[in-house]
Amino acid sequence: VIDRENGKQPMSVRHKDTTYVIVYNGELYNTQEVKNELLSHGVEFRGHSDTEVVLKAFAEFGEYAVNMFNGIYAFAIWQEKKQELFFARDRMGVKPLFYYYNGTKIVFASEIKSILLHPSYTKKINPSALYSYFSFQAVCSPGTAFSDIYALRPGTMLTFSASGKKLTRYYSPSFAPVSRDSLPTAIEKIRFLLEDAVKLRLDADVEIGA
């Protein structure tokens, strides 16, 4: 957690004649790297929070910005001029995002129980999810245990606009063999990656636990 005072949400910014508003759950580990890129484009900042960096990266680069992010996140950004609502979830789906859409209303949250409290949603079991659970002891994404409530899949973007909704997969893991390294070399590379990952997570204004 960095710069809690200037990272309060919802956060809004005016950029190129339109207003962007974000609600964000997560952590961006390469905040300074993305911020430096934005500074080189003349973007100004009022604080040091990763929320501001995510919002202004989207305002400057659009949905391409998600390819710049190294972190765990789920966020929603409203673009006033286009009247569009944009969702994105991190590559491995560490941070959850659920949504309900009935054609006129969109309700979203990081937990399903928040959506169940909304007056526009009527609780109803999803029969397909029930079948999946008893067969595999898991509910297959994007379905959930509740009818018409969906999980945004990992590495996926979702846009709602006047023309409908658009779902785009921006990342898919590859399991194809990509290395012919010797065992000592592989160990060295993995150790470097692990130490680098830990180092990236140590930048915080609050105490860090393990």
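If only residues of the stretch 86-101 that are part of a strand (DSSP E or B) and over 8 Å from the mean Cα position of the chain (by Cα) are counted, the one that is surrounded by the fewest Cβ atoms within 10 Å (Cβ to Cβ) is Tyr101.
Filtered by the rule that a residue be in a helix (DSSP H, G or I) and surrounded by 11 or more Cβ atoms within 10 Å (Cβ to Cβ), the stretch 102-152 gives Ile112, Ser114, Ile115, Leu116, Ser128, Ala129, Leu130, Tyr131, Ser132, Tyr133. Total residues in the stretch 153-191 satisfying the condition of being touching a residue at least 40 places away in the same chain (Cβ under 8 Å), open to solvent by less than 60 Å² (accessible area, probe 1.4 Å) and either not hydroxyl-bearing (Ser, Thr, Tyr) or not in a strand (DSSP E or B) (or both): the figure is 7. Note on the stretch 60-77: residues that are without any contact (Cβ under 8 Å) to a residue 60 or more places away in the chain, of a type in the set (Gly, Ala, Ser) and buried (at least 16 other Cβ atoms within 10 Å of the Cβ) amount to 3. The single residue among Gln83, Gln137 that is under 27 Å from Glu52 (Cβ atoms) and more than 16 Å from the chain's Cα centre (by Cα) turns out to be Gln83. Each residue in the stretch 47-59 was checked for being farther than 28 Å from Pro173 by Cβ and without any contact (Cβ under 8 Å) to a residue 24 or more places away in the chain, and 0 of them qualify. Quick check on the stretch 22-29. Is at least one of its residues closer than 26 Å to Lys166 by Cα, in contact with a Pro (Cβ under 7 Å, 6 or more places away or on another chain) and not hydroxyl-bearing (Ser, Thr, Tyr)? Yes, the stretch 22-29 contains a residue that is closer than 26 Å to Lys166 by Cα, in contact with a Pro (Cβ under 7 Å, 6 or more places away or on another chain) and not hydroxyl-bearing (Ser, Thr, Tyr).
The sole residue among Glu44, Glu80 that is open to solvent by 60 Å² or more (accessible area, probe 1.4 Å), touching a residue at least 40 places away in the same chain (Cβ under 8 Å) and over 24 Å from Ala197 (Cβ atoms) is Glu80.
The values are calculated or read from the model by the stated rules, or taken from the named source; none is laboratory data. From a predicted model like this one, the values you see are computed outputs, not experimental measurements. All Cβ positions, even for glycine, are placed from backbone atoms using ideal geometry, and neighbour counts span all protein chains on display. Heads up: the accessible areas ignore ligands, DNA and RNA and are worked out on the full protein's heavy atoms, side chains in. Shrake-Rupley method; radii C 1.70, N 1.55, O 1.52, S 1.80 Å.
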